[in-house]
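To start, the structure itself, in structure tokens.
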Amino acid sequence: MNVPAAPPTNQLRRLVRVEAPQRYAEPRRNTHRCELCGEALPDEHRHLLETDDRQLRCACRACALLFDRDATDTGRYRAVPRLRRRLTEPPVDDVVWAALEVPVRLAFFVRHLVATGSDDVGAGTVTAYYPSPLGVVGTDVDPEAWARVKHPPLEPEVTALLVYRDADENWLVGIDECYRLTARVRHTWIGMTGGDKVWREIDRFFTELRDGVAPT
């Protein structure tokens with residue numbers, strides 16, 4: 001089974017650090033910088049997806065605007081949209097979820113547009129990812145099962161359908177939100193089942209989505 005590469009551990013650590021409460025809005029010295037031009041960044045900043053290795057890069061507003069392009073563009077960088085949209089109707093029911101064969105109740109789905117390196121995914125292939133104590137785990141989704149999912153259009157690579165079945169949370173978000181959630185899970189996971197803290201952290205994440213807390 002071929003699944004696209006997930007961000008490495010150091011990238012998840014970087015997203016975890018962003019979650020720490022901040023007293024001031026201005027950038028912290030030597031913490032966040034645009035990975036294209038080197039400009040210092042505030043905690044609230046944009047991300048780019050580097051299409052060669054599917055890794056997220058921190059970006060200043062000016063650099064991010066350079067790559068706000070059509071969804072079919074295949075350049076080196078793609079801007080991750082600042083997107084947090086809660087869906088009013090569940091995209092899946094229990095029958096469809098079972099057909100997707102995702103082994104957990106919290107997952108995000110990404111549509112891939114082109115083949116990249118050894119992670120050969122065809123145009124339109126959808127992969128289900130889910131957080132784990134080791135980072136992101138991915139599994140291919142059967143196209144016939146995916147066709148039964150009621151979802152809004154997904155911009156390839158940079159937007160995701162985020163589903164938390166146990167809490168009836170269904171969202172269309174930028175991919176960086178999903179990796180921020182993964183970072184929190186990895187950072188708070190204890191033992192075999194995660195412990196109470198990780199589930200409280202997951203609930204807090206979705207509360208912040210609902211309350212419109214500014215993404216970073």
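So the values come out like this:
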| read-out | value |
| --- | --- |
| Rounded FRET efficiency, nearest 0.05, which uses the C-beta distance separating Glu208 from Val95 and R0 of 41 Å | 0.85 |
| Sorted by Cβ density within 10 Å, fewest first, the residues Leu56, Leu161, Leu66 | Leu66, Leu56, Leu161 |
| Projected-area mean, region 82-211, by convex hull of Cα positions, square nanometres | 8.0 |
| Per-residue Cβ neighbour rank within 10 angstrom, fewest leading, Asp166, Asp94 | Asp94, Asp166 |
| Extension reserve of the Asp142-Leu66 stretch, reckoned as 0.36 nm per residue once the Cα distance is removed | 23.9 nm |
| Additional length obtainable on full extension of the chain from Asp53 to Arg86, 0.36 nm per residue less Cα span | 9.0 nm |
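All of the numbers you see were taken from the coordinates with simple rules; none came from a lab. Given the structure is predicted, the values throughout are model-derived calculations rather than measurements. Counting neighbours? That spans all protein chains shown, and the Cβs are built from the backbone with ideal geometry, glycine included.
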